[in-house]
């Protein structure tokens with residue numbers, strides 16, 4: 001954005017001569033360094049998406065699991081299966097998945 005403003009200033013002859021070249025070079029350097037920084041920053045970690053990333057997390061039961069029910073994960077409701085059963089608001093650990101159904105077990109607090 002600053003580079004665009006610099007170009008407009010040069011085109012409108014607000015900045016002239018050697019200062020115009022210095023302004024364009026400086027803003028181009030600034031824009032390039034910012035873009036490279038944010039590119040590096042965004043690629044620091046691997047992308048974490050999908051049901052596989054939930055394995056091992058401890059979550060809260062939203063609807064009784066006897067054996068099927070719902071668990072709440074970051075505001076989302078997921079269908080869950082708990083073989084030993086779990087009551088509402090109880091904490092369970094995600095141990096696997098079968099399609100879109102999560103396999104959970106009671107968490108040892």
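What to note about this one:
- Just one of the listed residues (10, 5, 61) is within 30 Å of residue 108 (Cα to Cα) and not in a loop (DSSP other than H, G, I, E, B), and it is 61.
- Residues that are in a strand (DSSP E or B) and either exposed (fewer than 15 other Cβ atoms within 10 Å of the Cβ) or in contact with a helix residue (DSSP H, G or I) (Cβ under 9 Å, 6 or more places away or on another chain) (or both), drawn from region 73-92: 73, 76, 77, 78
- Flag for residue 18 being free of Cβ contacts under 8 Å to residues at least 24 places away in the same chain, exposed (fewer than 15 other Cβ atoms within 10 Å of the Cβ) and touching a helix residue (DSSP H, G or I) at 6+ places or on another chain (Cβ under 9 Å): no
- Within region 93-107, restricting attention to residues that are part of a loop (DSSP other than H, G, I, E, B) and either touching a strand residue (DSSP E or B) at 6+ places or on another chain (Cβ under 8 Å) or in contact (Cβ under 8 Å) with a residue 24 or more places away in the chain (or both), the residue that is surrounded by the most Cβ atoms within 10 Å (Cβ to Cβ) is 107.
Just so you know, all these numbers are worked out from the coordinates, no wet-lab data involved. From a predicted model like this one, the values you see are computed outputs, not experimental measurements. Note: ideal-geometry Cβ built from the backbone for every residue, glycine included; neighbour counts use all protein chains shown.
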